[in-house]
1. As an exercise: evaluate GLN102 against (1) in contact with a His (Cβ under 9 Å, 6 or more places away or on another chain); (2) surrounded by fewer than 18 Cβ atoms within 10 Å (Cβ to Cβ); (3) not in a loop (DSSP other than H, G, I, E, B) and give the number of the one condition it does not meet.
2. May I ask you to list the residues in the stretch 69-101 that are on the phi > 0 side of the Ramachandran plot and touching a Phe, Trp or Tyr at 6+ places or on another chain (Cβ under 7 Å)?
3. Inside the stretch 22-96, counting only strands (runs of 3 or more DSSP E) that do not spill past its ends, which hold 3 or more residues that are surrounded by 13 or more Cβ atoms within 10 Å (Cβ to Cβ) and aliphatic (A, V, I, L, M)?
Amino acid sequence: MAQGRGNSALSVLVLLFFTFVLNWDMANAITYKVGDAGGWRYNVDNWPQGKSFKTGDILVFNYNPLFHDVVAVDEAGYNNCSVQNGKVYRSGHDSITLPQGQSYFICSLPGHCKASMKIAVNAA
């Protein structure tokens, strides 16, 4: 009977260990406010420079949803300010968890992306 309890305790410890290891990246995620205090706005395209993004970090886009939105696009959408097949966010306070690799975000309202209301970030 004592051996059964030992196996249960060991199983719980192993489960806790793997839960800890698998959630380590999420526990160390950093939340970034895009555009800092100014929020999601025109001429924000240089905001990512000097920052080291990791998979699981969170970008928070703060803006007035009457005047802006956020669209996650591919590289072509970013370069051409095109929202084909993009995921649209319109809450005014959007939290987006970064996947590994390159991510692109633009504002889809006419002229906004061309006014540098777009960012590209690379999460390691």
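Values in this text are rule-based calculations from the coordinates and carry no lab data. Computed from a prediction, not measured in an experiment: that's the story for all the values here. Using ideal geometry, Cβ is built from the backbone for each residue, glycine included, and neighbour counts are taken over all protein chains shown.
1. (1)
2. GLY92
3. Qualifying strands (runs of 3 or more DSSP E): 58-62, 70-73.
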